[in-house]
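Engineer: Shown below is the structure under consideration.
The values are calculated or read from the model by the stated rules, or taken from the named source; none is laboratory data. Predicted model, so just to flag it, every value in this text is computed and none were measured. Positions of Cβ are generated from backbone atoms using ideal geometry, with glycine treated the same way; all protein chains shown enter the neighbour counts.
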Amino acid sequence: MVGEEAITMMDPAGLKAIGAGLAVGLAGLGSGLAEKDIGAAAVGAMAENEALFGKGLILTVIPETIVIFGLVVALLIS
Amino acid sequence: MLKPKSMTRAVIVGHKEVLDETVDTLHDINIFHIEEYNEEDSTFKIGKPFENAGEVSKKLVQLRSISSFLGIKPKEVPIQDTKVLWAELDEKLARLENELDEKTEEKNSYETRLKELDSLQKELEPFVSIPIDLKNYRGYENLSVFAGTVKGDISSELSGITNDYELEFDPNTLTIALFVRKDKEEIVAEMLADYEFREIRVPDVEGTPSEIIADAESERNSINEKISSLEKNISNIKERYSDFILASDEILSIESQKSEAPLRIATSEHTFVIDGWVPSDEYNKLTRTLESSTGGRVFVSKQEVAEEEEEEVPVEYNNAGVTKPFETIMNLYARPKYKEIDPTALIFITFPLFYGMILGDIGYALILLGLAFGVKKLVNSDAIKPLMNILIYCQVSTLIFGVLYGEFLGFPLASLHGAHGIEPGLIAGFETINLFQSPIGGEMITYPIHRTHLVMTLIVLTALIGVAHINLGYILGFINEKKKHGFNAAMLEKGSWIVVEIGIVLAILGYVGYLPIAVGAAIFVIGFIMLIKGEGIKGPIELPSLLSNSLSYTRLIAVGLSSIYIASTVNLIAFEMIWPQGGIAAVFAILVFIFGHALNTVLSIIAPGLHALRLQYVEFFTKFYEGGGKEYSPFGYIRKYTEE
């Protein structure tokens, strides 16, 4: 016989919000980690030669897609 | 459009007698890009600068040092006649320098005196509370004087040694002035040593310290007054001469450019050869003007451009006026090569389009439009103007999308019937109209488009925009490649991507059941093999970028939504959390509203701008663009302050 255990339920909406938050937050951390080294190197290269701005910007923002994916996933969840 | 200006290689040959006129003419018409002459193993030598070169550059240096000393900035001044300027240049320059020298010398001497006064005051400081005339510290035969600091009161100790003394002691600064008989000097000195006596030099002046300090103070004031009147004089000179300085800087720069031009061209004993580039449509102008100015004594000839020389061709954009500002964006990346497609006109469409899609808010568009016009009007800089023009184009697009989205500073303009009842809009009675059911996610497409309620549809739509944009890139890449290496190479390198895409689409259609899946798969494999042949191992490695690149365009909706959420959060805090409390809270609500939206306005330039830029640079340009062309910089000068 099953005892009268209290069944605790988590609110699905709350879980969704947590999931969305994790998606954006972790993805943001990820792209931040990836961009920091590239950005530093790009600024260094630009100090040597200003014409490298375009290339530096591109290389720096390549990992940025990661956080956009996170944002999209968060939008899809919520 | 889409192509840089066509260039013609021209070689100008003539006798050295007419070199002067030739250089003058070339400089005046300002269309000829001189190819620097390289002396290595050739019978021709680099030319010698004209005779006046040394003198001109000396004057230029003199003028520029004065100009930087006075801090003269470029500004609008009346145009001056060069003849008048040249006539009075030497005399005026000398007078200007004399006047300035006089003033700065005087100012320097005053400043030295100020420093002297400062150090005197510092030396006198310890003696301030000892009312002895400073001349009484010196010149005794039978007295010894000790002036300095000790660590405490010495009068009791001193009385043990002698009664014939005179002591002044300042207990605050622990300064003493002690007069004793000469024969007691040694014992007293020993005693003072126990008290850590440290001698202070008595300044070599007369009068009591406090009097001297008061005098110094009044002298200092009068010097300061003189210095400030001198400074006023100097800024007066700046006012009077700034027109002259700007204009003569210009004519001297022009003259120095001309006189150093022979350093860039080839000469033999009696002849000169100038090699360079001229826009093809101006070639006739070049020959005509040269002929008339030298009386037909120079010979201009057109040269064929060999394929390997294409790298050397200077590149000049050939864009209509409206698209010109976007050349800034191109230059930021790299100037196109001579034979390459110049995508400025395409960026003119897609950059503001993407920016507007992301921001899409009437309120921010109006604010930024006002800001851009204001900055354009106030700041007179050639670097800022194109940027402001770009911002204006972007805001026009934002305005259009704002109307489409029906958003104003994060408030929806139209009311919306949602799952939670009716959410009222900013404009009373403006109801959202249902248009049709979206095929994705069962969402209803409405006017105005509520982005927050159409997330799924818009994500798919933006990804499709991405696919279209990327394929445009591949098509441009195909054209570039065909021009450079022929149809086959273009088909393998760029066409293969499109074949692969078609294969994927057909395979998906097959998966859904419209056709056999094998058709899609077969086309995909064909494309894949072409890709490996065209790009080598790099191709398959980059294959997943098709997916990530097109998904990257979902930022068009994602970044926009984050901007909406920031704006509506500001509105929520201001008007639903603070405002209802009434009274003083209303002021806070308005402050929160203003600062919140000010912050979001700044973000509204940076975020959509950078993301729209990135989509061009990373997703679009990598498909076709190489860049790295040489800048076309014609020999000449654009006059601002003078005319002939």
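Engineer: Kindly indicate the residue of region B:1-28 that is in contact with a helix residue (DSSP H, G or I) (Cβ under 7 Å, 6 or more places away or on another chain) and of a type in the set (Val, Ile, Thr) and also farthest from residue B:299 (Cα to Cα) among those meeting that condition.
Structural biologist: Residue satisfying both the conditions and the ranking: B:8.
Here's the yes/no breakdown for (1) within 14 Å of chain B (Cβ to nearest Cβ); (2) under 30 Å from residue B:330 (Cβ atoms); (3) of a type in the set (Phe, Trp, Tyr):
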residue: A:13; (1), (2), (3): yes, no, no
residue: A:17; (1), (2), (3): yes, no, no
residue: A:21; (1), (2), (3): yes, no, no
residue: A:29; (1), (2), (3): no, no, no
residue: A:32; (1), (2), (3): no, yes, no
residue: A:42; (1), (2), (3): yes, yes, no
residue: A:48; (1), (2), (3): no, yes, no
residue: A:61; (1), (2), (3): yes, yes, no
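Engineer: Within region B:259-283, restricting attention to residues that are under 18 Å from residue B:318 (Cβ atoms) and not small (Gly, Ala, Ser), which residue is farthest from the chain's Cα centre (by Cα)?
Structural biologist: Once the filter is applied, the top-ranked residue is B:283.
Engineer: Still on this structure: Only one of B:359, B:378 is under 12 Å from residue B:402 (Cβ atoms) and either within 25 Å of the chain's Cα centre (by Cα) or aliphatic (A, V, I, L, M) (or both). Can you tell me which?
Structural biologist: None of the other options fit; the residue is B:359.
Engineer: Let me ask something else about it. Among the residues of region B:29-43, what is the count of those that are surrounded by 15 or more Cβ atoms within 10 Å (Cβ to Cβ) and either farther than 17 Å from residue B:283 by Cβ or touching a helix residue (DSSP H, G or I) at 6+ places or on another chain (Cβ under 8 Å) (or both)?
Structural biologist: 6
Engineer: Of all the helices (runs of 4 or more DSSP H) wholly in region B:533-575, which have at least 2 residues that are away from chain A (no Cβ under 12 Å) and more than 19 Å from residue B:363 (Cβ to Cβ)?
Structural biologist: The helices (runs of 4 or more DSSP H) meeting that bar are B:538-542.
Engineer: Now for a different question. For residue B:512, all conditions in the list (1) more than 24 Å from residue B:623 (Cα to Cα); (2) surrounded by fewer than 15 Cβ atoms within 10 Å (Cβ to Cβ); (3) touching a helix residue (DSSP H, G or I) at 6+ places or on another chain (Cβ under 9 Å) hold save one; what is the number of the exception?
Structural biologist: Answer for residue B:512: the failing condition is (3).
Engineer: Still on this model: I'm trying to understand the selection: among the residues of region B:627-644, which are more than 11 Å from every other protein chain (Cβ to nearest Cβ) and either of a type in the set (Ser, Thr, Tyr) or closer than 27 Å to residue B:10 by Cα (or both)?
Structural biologist: Passing the criteria: B:629, B:630, B:632, B:633, B:634, B:635, B:636, B:637, B:638, B:639, B:641, B:642.
Engineer: Being of a type in the set (A, V, I, L, M) and modelled with pLDDT under 90 narrows it down to one of B:10, B:87, so name that one.
Structural biologist: Answer to the check: B:87.
Engineer: Given the conditions (1) within 35 Å of the chain's Cα centre (by Cα); (2) surrounded by fewer than 18 Cβ atoms within 10 Å (Cβ to Cβ); (3) closer than 23 Å to residue B:360 by Cβ; (4) modelled with pLDDT under 90, which single one is not true for residue B:644?
Structural biologist: (3)
Engineer: Now, a different point. Of all residues in region B:290-331, which are under 30 Å from residue A:58 (Cβ atoms), touching a residue at least 12 places away in the same chain (Cβ under 8 Å) and loosely packed, with under 12 Cβ neighbours inside 10 Å?
Structural biologist: B:320, B:322 - these are the residues of region B:290-331 that are under 30 Å from residue A:58 (Cβ atoms), touching a residue at least 12 places away in the same chain (Cβ under 8 Å) and loosely packed, with under 12 Cβ neighbours inside 10 Å.
Engineer: Could you tell me how many of the residues in region B:235-289 are part of a strand (DSSP E or B) and free of Cβ contacts under 8 Å to residues at least 12 places away in the same chain?
Structural biologist: The total comes to 0.
Engineer: Continuing with this model, one more query. Give the residues of region B:206-234 that are in a helix (DSSP H, G or I) and among the acidic types (Asp, Glu), sorted by residue number.
Structural biologist: The answer is B:211, B:215, B:217, B:219, B:225, B:231.
Engineer: Something else about it: Just the residues that are over 22 Å from residue B:131 (Cβ atoms) and among the β-branched types (Val, Ile, Thr), please, taken from region B:176-190.
Structural biologist: B:187, B:188
Engineer: Hey, can you tell me all the residues within region B:589-611 that are surrounded by 21 or more Cβ atoms within 10 Å (Cβ to Cβ) and either within 12 Å of chain A (Cβ to nearest Cβ) or within 19 Å of residue B:318 (Cα to Cα) (or both)?
Structural biologist: Hit for region B:589-611 is B:611, nothing else.
Engineer: Then there is this: Could you grab me the full set of residues in region B:290-300 that are outside any strand (DSSP E or B) and not small (Gly, Ala, Ser)?
Structural biologist: B:290, B:291, B:294, B:297
Engineer: Can you give me the ranges of the strands (runs of 3 or more DSSP E) entirely in region B:403-470 with at least 1 residues that are of a type in the set (D, E, K, R) and either within 14 Å of chain A (Cβ to nearest Cβ) or without any contact (Cβ under 8 Å) to a residue 40 or more places away in the chain (or both)?
Structural biologist: Passing ranges, in order: B:421-423.
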